[in-house]
Amino acid sequence: MKYTNLGRTGLRVSRICLGCMSYGTPTWRPWVLDEEAAQPFFRRAVELGINFFDTADMYSMGVSEEVTGRALRRYARMDEVVIATKVYFPMGDGQNLRGLSRKHIVQGCEASLKRLGVETIDLYQIHRMDPNTPLEETLSALDQLVRQGKVRYLGASSAYAWQFARALGVADLHGWSRFVSMQGHYNLVYREEEREMLPLCESEGIGVIPWSPLARGLLAGSRKSLNDRSSTARAKSDTFSGQLYDQPGDWEVAEATQKVAAARNVPPAQVALAWLLSRPQVTAPIIGATKPEHLEDAVRAVDLKLAPEELKALEAPYKPHEVRGM
């Protein structure tokens, strides 16, 4: 495994981040693995050198955090791993169990600490921007958590570049802890982040940790067509995928990925991840793993160097999209 700094911080993270949305309870999503089935993935990830793990309070409504915390305490050195979680989405029916108010952020952080079984969260991320809460309230609450030692670093996920730039500026203006990472929707099929967000992150020293690096499996080579919803357990019930990837050109990108992979004699997933890792702004793609080969392919992608002509072939079919994933 190779490691790098998360943005301009001194925090060292593996070039692959294990996304833990896949672990929790199948009552939340039918493709989610329960705790017993998830254990081998955490153990193998640690064996492969992965030290970066991403979850969220709303994944399996808190159970993902519980499973992640117990597994890492069992298999990893807690002073070495980097645990990231998120706050924003509803955690119940109450009016104050959602959003980015001071009340929900503080209560959400304390609940996540308890579920994870840790004293401090390494990377605490806002899952989305909250249009119903003043930005200053959100940022000052997050800064409070850092000053109290409950959180070490702050991150954000899926925002417009102007929103993120404003958040960085407001934090700097008040001397508050600023975001050090952006978790955005970015892969070979969806590259709109290249317009504004990635240049902003590069300029501001922000680490980029893309979600859906394999386009919900579209780039993994398991689907037979763009509309194939039967090839995997997740595809059968994943209604969000159709909202993200529904253009004819999306399948052309998948076919280009398969062609490059066949010439290299490697799985398409390795090629898609290697392409992301070749982007200078990208710190670590967040990969989901529900089969052993998912982890192995991801780690092998770290050492797969694509030639200029291969990069060109992968990028050539791309057609612009509307903004999606927010």
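Here is a yes/no grid of residues against (1) open to solvent by less than 10 Å² (accessible area, probe 1.4 Å); (2) within 18 Å of residue 156 (Cα to Cα); (3) of a type outside the set (A, V, I, L, M, F, W, C):
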residue: 5; (1), (2), (3): no, yes, yes
residue: 13; (1), (2), (3): yes, yes, no
residue: 20; (1), (2), (3): yes, yes, no
residue: 55; (1), (2), (3): yes, yes, yes
residue: 59; (1), (2), (3): no, yes, yes
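Kindly evaluate residue 57 against the criterion of being out of contact with any strand residue (DSSP E or B) (no Cβ under 9 Å at 6 or more places or on another chain) and either closer than 26 Å to residue 164 by Cα or not in a helix (DSSP H, G or I) (or both).
No: the conditions fail for residue 57.
Before we move on, is residue 325 in contact with a Ser or Thr (Cβ under 7 Å, 6 or more places away or on another chain) and either on the phi < 0 side of the Ramachandran plot or without any contact (Cβ under 8 Å) to a residue 60 or more places away in the chain (or both)?
no
Condition first: of a type in the set (D, E, K, R) and in a loop (DSSP other than H, G, I, E, B). Now tell me which residues in the range 167-211 satisfy that.
178, 191, 195, 196 - these are the residues of the range 167-211 that are of a type in the set (D, E, K, R) and in a loop (DSSP other than H, G, I, E, B).
The values are calculated or read from the model by the stated rules, or taken from the named source; none is laboratory data. No experiment lies behind these values; they were computed from the predicted model shown. Virtual Cβ from ideal backbone geometry, glycine too; neighbours counted across all protein chains shown. For accessibility, only protein heavy atoms count, side chains too; no ligands or nucleic acids. Shrake-Rupley method; radii C 1.70, N 1.55, O 1.52, S 1.80 Å.
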